[in-house]
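The values are calculated or read from the model by the stated rules, or taken from the named source; none is laboratory data. This one's a predicted model, so the numbers in the text were calculated from it and none came from an experiment. Heads up, the Cβs are rebuilt from the backbone with ideal geometry, glycines too, and the neighbour counts pull from every protein chain shown. Heads up: the accessible areas ignore ligands, DNA and RNA and are worked out on the full protein's heavy atoms, side chains in. Shrake-Rupley method; radii C 1.70, N 1.55, O 1.52, S 1.80 Å.
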Amino acid sequence: MKLELTADQQAFQEEVRKFAQKELAPKAAYHDKTQEFPVESLKKMAEMGLLGMSVPAEYDGAGVDSVTYAVVILEISKADASCGVIVAVQNSLVALPLYKWGTEEQKQKFLKPLAAGLRIGAYCLTEPNVGSDPGDMETTAVMEGDHYILNGTKTFITSAQKAETFVVFAATDRKAGNKGISCFVVDRETPGLSVGPKEDMLGVRASGTAAVTFENCKIPVGNRLGQEGGGFRIAMEALDCGRIGIAAQAIGIAEAAFEASLQYSRERKQFGQPIGDFQMIQAMLVKMATEIEASRLLLYLAAYKKDKGERYSKESSMAKLFASKMAVENTINAVQIFGGYGYTKDYPVERHMRDSKVTEIYEGTSQIQNLVIAKAIAK
Amino acid sequence: MNIIVCIKQVPDSEAQVKIASDGKALDLDQVKFVLNPYDEFAVEEAIRIKEKKGDGTVTVVSLGPPRVKDALRSALAMGADQAVLLWDPAFEGLDSHGTAVLLSRYLAGQTYDLILLGKQAIDDDMSYIGPALADLLKLPLVSVVTKLEFSPDYKTAFAQREGERGVEKIEVSLPAVLTAQKGLNEPRYASLMGIMKAKKKEIQEVNAAALGMEGSGTSDLVKSRVTKLDYPPKRPPGKIVPGDAATAAKELVRLLREEAKII
Ligand SMILES: Cc1cc2nc3c(=O)[nH]c(=O)nc-3n(C[C@H](O)[C@H](O)[C@H](O)COP(=O)(O)OP(=O)(O)OC[C@H]3O[C@@H](n4cnc5c(N)ncnc54)[C@H](O)[C@@H]3O)c2cc1C
């Protein structure tokens, strides 16, 4: 057993960390405040190959392994959680299904520009009335000759504001439940597609999250990904990988809060001594440090299993379940360590606290992770 | 267009360096090393020149122990084509002069149109190698360059430098030695693909014998030595001028004039 990153993985981590701390971190508070989609930062990340990092080089990606993917999302999220989720969705939920299920033609047409970072992608599963139980979705796709007619609304779609390629799930047979769902690749230019105003959210405020509506959109049959009725499986497999990204995001946020807390606890003095000398403050710092490492090990386990080609759905759910709770609890403690200052926007920890919460919600709530893990351990 | 960039690996500017027990060198045991930031400008400029012209090679050269390969790889990851490491245990203890002599011996056997370096290394701040190389290779030198352009045939460089007298525009025929100043460009971050490519590239190693140094040792190359290293004096603590704004301001002006004598 060897518990360390390879030389390559370390080199990637170092360069992305340097980039994220110098280029992303200084802008995070601004993006949080203005909710401005980080277009410039994404351009730079595209140049570094981060927007298609998991896609093999033959389709213009960087072709790095899942452990690297996890490490990179962690470093990006540590600097700016909005950038973290945008890049995670782009790789896990959009590029990955296209790579795994796309025909050669679809890969040439849709995957390459995504992998090169020339286009931003979005993943459209959730609907106003359908979240945790996507099998019950109301968006429909009806075949008419050589195309489908797509109708419905998707909500909370990360990057929707600027995305140009949408991976959309729709019921081709509403009576068939999970087996009646199909997956489509939809261009932003498609007539009938409209993007709503961005959601005014607690955290990840610059992630361009908005609703997307499809009104009699004509989608060529050639844009269907996989078989008719095969969409649910595509959606779930993408989420298995996606959860590695969200676990990494949660750990990145927690690490940022931890480092800020550690520094503050050395500088802030009360009762004539640094607050970091009080054991109750130390206990909070110890909890952070310990749980961050525990989460990281779960994260690496999931990514490692994926890289070995083994089943990793249980592990990625465990990593996300544990890391997201860890991030929420510890960023709340970070605000506590900062006292009143922590409650203001003069310090970053209140943003970390707000950003952390969504990791318990998207790509399957913690309750849904429980269902996934319960099913896996019952086998 | 063949461009050679001479680079140095230096302790990270955030590293806490300690003076070794002999009082003459730094204790570099736990220190993180990086590519000298001014050399990063030089590497970036070389790659941009090549990209703009559409042909040529960028070769990075460094003299130093095996750990320096990391700095060479950083340059390769940014987009340099090849890397050369001059090292031999016999090089231990070389001063700037000796380093410049050996670099010039290596470069004398190469073909190049341009030699780029950082204007100085941030560890010893000697600013020695660039000028010394120009002298040893009998090449023109333009130092502390903030802007660089070329004639259409790439036989002449137009360099700009900023000094006390204002902005200086200099025309120089190539080959020449140019040293890079901050502002010349914004160095790129290496891409994941670049890092992977760099890992696979071989770094050419050149030893003492190849530089005509067999047996003679470094003694006739070294012209200077460090006799003692001291920490900079501790900054005296700051002073807080108490009182309400109006009286404090008055007192501050008085202190600046009478004690600090700076106004
Ligand atoms: C910032 C943000 C970005 C998002 N990005 C995307 C995106 O890009 N693409 C996309 O498709 N979706 C996205 N989502 C949607 C997200 O995945 C859903 O919000 C999530 O799956 C939960 O669905 P819901 O909001 O409808 O909650 P519901 O499913 O209505 O759940 C409400 C509550 O009931 C609980 N619950 C539901 N079922 C069970 C059960 N069986 N047992 C116990 N408890 C249960 C849930 O855990 C939750 O606590 C995003 C959401 C947010 C907030």
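Determine whether A:A206 is outside any helix (DSSP H, G or I) and either without any contact (Cβ under 8 Å) to a residue 60 or more places away in the chain or crowded, with 16+ Cβ neighbours inside 10 Å (or both). Yes; evaluated as a whole, the condition is true for this residue. Could you say whether any residue in the range A:108-116 is under 17 Å from the mean Cα position of the chain (by Cα), within 16 Å of the ligand (Cβ to nearest atom) and outside any loop (DSSP other than H, G, I, E, B)? Yes, the conditions are met somewhere in the range A:108-116. Please verify whether the range B:81-89 includes one or more residues that are in a helix (DSSP H, G or I) and in contact with a helix residue (DSSP H, G or I) (Cβ under 7 Å, 6 or more places away or on another chain). Within the range B:81-89, none of the residues are in a helix (DSSP H, G or I) and in contact with a helix residue (DSSP H, G or I) (Cβ under 7 Å, 6 or more places away or on another chain). Of the residues making up the range A:132-161, just one is within 15 Å of the ligand (Cβ to nearest atom), touching a strand residue (DSSP E or B) at 6+ places or on another chain (Cβ under 9 Å) and either among the basic types (K, R) or free of Cβ contacts under 8 Å to residues at least 24 places away in the same chain (or both), namely A:K154. Can you spot a residue in the range B:182-199 that is in the same structural domain as B:S127 (by TED's automatic domain parsing), assigned to a strand (DSSP E or B) and either modelled with pLDDT of 95 or more or more than 28 Å from A:F19 (Cα to Cα) (or both)? No. Number of residues in the range A:358-375 that are near the ligand (Cβ under 9 Å from one of its atoms) and either open to solvent by 40 Å² or more (accessible area, probe 1.4 Å) or touching a strand residue (DSSP E or B) at 6+ places or on another chain (Cβ under 8 Å) (or both): the value is 5. Scanning the range A:162-210 for residues that are closer than 24 Å to A:T103 by Cβ, of a type in the set (D, E) and either within 8 Å of the ligand (Cβ to nearest atom) or in contact with a Ser or Thr (Cβ under 8 Å, 6 or more places away or on another chain) (or both) returns a single hit, A:D187.
Could you look through the range B:54-88, keep only residues that are over 19 Å from B:Y38 (Cβ atoms) and either without any contact (Cβ under 8 Å) to a residue 12 or more places away in the chain or within 14 Å of chain A (Cβ to nearest Cβ) (or both), and pick out the one that is most open to solvent (accessible area, probe 1.4 Å)? Spell out the reasoning first.
First pass over the range B:54-88, keeping only residues over 19 Å from B:Y38 (Cβ atoms): B:54-57, B:65-67, B:69, B:81-82, B:84-88.
In the following step, the residues that additionally are either without any contact (Cβ under 8 Å) to a residue 12 or more places away in the chain or within 14 Å of chain A (Cβ to nearest Cβ) (or both) were identified as B:54, B:67, B:69.
Numbers: B:G54: 64, B:R67: 91, B:K69: 58 Å².
So, considering only residues that are over 19 Å from B:Y38 (Cβ atoms) and either without any contact (Cβ under 8 Å) to a residue 12 or more places away in the chain or within 14 Å of chain A (Cβ to nearest Cβ) (or both), the one most open to solvent (accessible area, probe 1.4 Å) is B:R67.
The set of residues in the range A:18-70 being open to solvent by 20 Å² or more (accessible area, probe 1.4 Å) and in a loop (DSSP other than H, G, I, E, B) consists of A:Q35, A:E36, A:S54, A:P56, A:D60, A:G63, A:D65. Screening A:V85, A:V71 for residues that are more than 10 Å from chain B (Cβ to nearest Cβ), within 14 Å of the chain's Cα centre (by Cα) and over 14 Å from A:G121 (Cα atoms) leaves exactly one candidate, A:V71.
Go through the range B:89-124 and give me each residue that's of a type in the set (V, I, T) and open to solvent by 30 Å² or more (accessible area, probe 1.4 Å). Can you show your working first?
In the first step, residues of the range B:89-124 are kept if they are of a type in the set (V, I, T); the result is B:99, B:101, B:111, B:115, B:122.
Those that are of a type in the set (V, I, T) and open to solvent by 30 Å² or more (accessible area, probe 1.4 Å): B:T111, B:I122.
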